[in-house]
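Reviewing the structure listed below.
The values are calculated or read from the model by the stated rules, or taken from the named source; none is laboratory data. All of these numbers come straight from a predicted model, not from anything done at the bench. With ideal geometry, Cβ positions are generated from the backbone for all residues, glycine too; neighbour counts draw on all protein chains shown.
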Amino acid sequence: MSTTTAGSHPPEPRPPHSVGSSPSPSLSSRRPSRQERLEHLRRLTLRDRTLLGWLAEHYLLSTDQISTALFPSRRAALLRLATLRTIEAVTRFVDVTTGTSQYLYALGPLGAVLHPTAYTDPDRPTARPPRSSIERTERIVGSRKLRHLLGVNQLFVDLHAYTRTDPNARLLRWWSEQHATAAYAAADIRPDAHGVWSNGDRTIGFFLEHDNNTENLGRVLRKLRAYERLAEFGPRYPVLLRVRSRRREVNILRALAGVPTAMPVATGIHDEHPAGPAWTLTSDTGLRRWLHELPSDHGPDNRATNPHRFVPPDVDE
């Protein structure tokens with residue numbers, strides 16, 4: 001099973017007025033009236049609202065990612081995205097640092113109306129709120145984490161796309177780094193993302209550490225210490241160390257051989273589909289497991305110490 005990666009399609013045509021990495025202007029220079037904006041909000045589909053919610057939480061997605069996760073074809077995605085741009089629900093830009101010619105999409109003014117508490121700065125979580133959605137987009141355009149964000153988001157895009165082909169699979173939670181960091185502040189963990197995945201009768205949580213070979217191995221392994229603290233009072237979810245190459249994976253597995261960890265730790269590679277048999281437990285390297293086969297424990301049912309304990313949507317609290 002292989003993943004869909006950004007840039008796998010020919011470059012999108014760029015209009016003459018689109019320059020470099022600047023956010024592209026709306027298709028109309030006239031600002032919509034309040035009545036028009038309300039009408040646009042009423043006409044948003046469930047799929048539109050899902051996309052805008054993702055952009056509020058995760059900052060940006062590429063054309064291919066949006067198409068893969070939510071649409072039957074790339075053409076259908078482009079047509080709907082053009083409409084969403086027209087009503088200023090989304091904005092788009094080309095970023096030269098990612099090495100692709102695809103457009104990257106972020107919340108537009110109408111999307112910001114729908115999500116007034118959207119995360120506002122990928123590099124500085126405590127920065128003052130932006131004065132407008134344009135300033136928010138400028139912060140995203142200028143972020144040093146663009147490639148990293150796209151890589152993190154790709155795993156969840158692939159999982160969501162998989163649910164469209166397997167009726168037994170569901171992505172029940174997708175939290176960004178800033179969301180998960182705030183939720184588990186007591187343990188001082190900073191995962192790149194947190195999710196809950198269900199397939200059949202198995203539901204597992206996980207924390208993602210997306211590795212681009214930009215940190216030395218010692219620093220990567222030191223991140224696991226905070227998860228040890230979380231295991232004392234919170235969930236015991238597998239930590240997924242997702243790396244770029246098999247060689248990097250082998251080095252991590254060797255470094256952790258025989259090392260006991262309170263949290264399960266599993267390694268995987270970027271270009272393998274995350275739902276499938278792509279994960280190797282550091283405690284049992286002889287078998288590659290499907291994501292839903294990894295060991296997972298939602299932790300004690302204690303609102304004081306484990307307030308974000310996952311409860312399946314069909315179970316009454």
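Only one entry in T267, T214 is modelled with pLDDT under 95, among the β-branched types (V, I, T) and closer than 19 Å to V152 by Cα, namely T214.
Could we say that L114 is touching a Pro at 6+ places or on another chain (Cβ under 8 Å) and touching a residue at least 60 places away in the same chain (Cβ under 8 Å) here? Considered against the rule, which asks whether it is touching a Pro at 6+ places or on another chain (Cβ under 8 Å) and touching a residue at least 60 places away in the same chain (Cβ under 8 Å), L114 comes out as no. Please go through segment 267-278 and give me each residue that is within 18 Å of F207 (Cβ to Cβ) and in contact (Cβ under 8 Å) with a residue 40 or more places away in the chain, ordered by number. Across segment 267-278, the qualifying residues are H270, P274, A275, A278. Would you check if R303 is surrounded by fewer than 19 Cβ atoms within 10 Å (Cβ to Cβ) and of a type outside the set (D, E)? It is true that R303 is surrounded by fewer than 19 Cβ atoms within 10 Å (Cβ to Cβ) and of a type outside the set (D, E). For the residues P300, P235, the requirement of being within 19 Å of L171 (Cβ to Cβ), touching a Lys or Arg at 6+ places or on another chain (Cβ under 8 Å), modelled with pLDDT of 90 or more and not polar (S, T, N, Q) singles out P235. Pairing residues of segment 31-60 that are crowded, with 16+ Cβ neighbours inside 10 Å with residues that are in a helix (DSSP H, G or I), at Cβ distances under 6 Å and at least 6 apart in sequence or on separate chains, gives H40/L110; L52/G111; L52/L114; H58/N153; Y59/I140; Y59/L149; L60/I140.
Listed conditions (1) small (G, A, S); (2) assigned to a helix (DSSP H, G or I); (3) out of contact with any strand residue (DSSP E or B) (no Cβ under 6 Å at 6 or more places or on another chain) are all met by A127, apart from (2).
Pick out the one residue from T91, T83 that is among the polar types (S, T, N, Q), surrounded by fewer than 23 Cβ atoms within 10 Å (Cβ to Cβ) and modelled with pLDDT of 95 or more.
Within the list T91, T83, the selection yields T83.
Number of residues in segment 180-226 that are among the charged types (D, E, K, R) and within 11 Å of the chain's Cα centre (by Cα) equals 1. In segment 179-194 there is at least one residue matching the filter, namely being of a type in the set (D, E, K, R) and crowded, with 19+ Cβ neighbours inside 10 Å. Set side by side, the residues E177, E135 differ, and just one is among the acidic types (D, E), under 10 Å from the mean Cα position of the chain (by Cα) and farther than 16 Å from S62 by Cα, which is E177. The set of residues in segment 105-124 being closer than 20 Å to T63 by Cβ and not in a helix (DSSP H, G or I) consists of Y105, A106, L107, G108, P122. If you go through segment 260-317 and keep only what is of a type in the set (A, V, I, L, M) and part of a loop (DSSP other than H, G, I, E, B), you end up with A262, M263, A275, A278, L294, A304, V311, V315. Listed conditions (1) in contact with a helix residue (DSSP H, G or I) (Cβ under 6 Å, 6 or more places away or on another chain); (2) on the phi > 0 side of the Ramachandran plot are all met by H194, apart from (2).
At least 1 residues being under 25 Å from G286 (Cβ atoms) and touching a residue at least 40 places away in the same chain (Cβ under 8 Å) is the threshold, and among the helices (runs of 4 or more DSSP H) wholly inside segment 166-259 those reaching it are 224-231.
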